[in-house]
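Report on one structure; see the data block that follows.
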Amino acid sequence: MKAFKHIRRSVAISSLIFVPALEAVSRADTIVVTPSNPDGWALTTVDDTYTVNPAAGTAAFVNGPGTPPLGTGSVNLATAPGGGDGSAMVGTAALDGLPLSAITSLSYSTYVTQNNGQQFPYIALSFASTGSGPADDNVIFEPPYQNPTSGNPSLPDQGATTLTTWQGWNAVVGGWWDGNSVAGTPGSGVVSFATVLADYPNAVIADFAAPYNAFLGLEFQVGEASPSDNFNGNVDDVTIGINGADTTYDFEVPEPASAGLLLVGGATALMRRRRRVV
């Protein structure tokens, strides 16, 4: 099996928003995540070499767009023009060390204004397949593959993706593909999360070792496609269930607009690569 390298973030604090501990993922409630209280969520952008680069795009707490599913805000993720091979993301390392099987629910909502005709903000979940050491693989959940036309018809139909509309996605009941092509492949080859767990019974959520050390164990992201692709999407209403206890994260900007827009990168601007093989 090829060693798939998905990145863990380890950079200067000026490049991102980071608080070490994610609050109470075992407690069933809703946590409001803001620029002043990121609660362990980190925003960052990387270029095509997987190096943190503020010019590679934008990751920001914003108001809107439209009417988000929770509150009035969300996280905006966008690649820079001509930088679709980079990535913008919001993620957390707080799940690191948990068995992959501890995840009992995982869902989120998206709003997309620009993509390459296919990609929506997707989940990248990294793990050590043997249960120890750094991550050696990850699995990807992509909204476009959650219907019988473009995905696996044996899985629940979550509907077609739609631009400029808030849509909810249930990743635990949906289809996944594997960075090492063991548990699922993109498109009609996506498999259930139960199949992922059966293929990797000892997997533990983990981060990758350097030099791919900019990503976290759980990421919501856009990009890693062709340089000419442009991506601009939003994420909100993230629910993570650990051993049956759910916590929902509501991304908000409670501060005045002039002070509350916290950006990583400077550009506002989603086919697929997302395989960092060594």
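The values are calculated or read from the model by the stated rules, or taken from the named source; none is laboratory data. As the structure is a computational prediction, the values presented were derived from the model and not from experiment. Neighbour counts are summed over all protein chains in view; Cβ atoms, including those assigned to glycine, are modelled from backbone coordinates with ideal geometry.
Before moving on, here are some points about what is shown:
- Unmet criterion (only one of (1) more than 19 Å from residue 108 (Cα to Cα); (2) of a type in the set (S, T, N, Q); (3) in contact with a Phe, Trp or Tyr (Cβ under 7 Å, 6 or more places away or on another chain)) for residue 130: (3)
- When residues in region 29-58 are screened for being part of a loop (DSSP other than H, G, I, E, B) and crowded, with 23+ Cβ neighbours inside 10 Å, 1 of them pass.
- Selection of region 132-149 for residues being over 18 Å from the mean Cα position of the chain (by Cα) and either at pLDDT 95 or above or within 17 Å of residue 221 (Cβ to Cβ) (or both) yields 147, 148, 149.
- Close pairs from region 188-206: first farther than 25 Å from residue 94 by Cβ, partner modelled with pLDDT of 95 or more and in a strand (DSSP E or B), Cβ under 7 Å, at least 6 apart: 189/177; 190/175; 190/176; 190/177; 191/175; 191/176
- For region 130-243, the strands (runs of 3 or more DSSP E) that sit wholly inside it and include 1 or more residues that are surrounded by 15 or more Cβ atoms within 10 Å (Cβ to Cβ) and acidic (Asp, Glu) are 137-141, 175-178, 218-223, 232-242.
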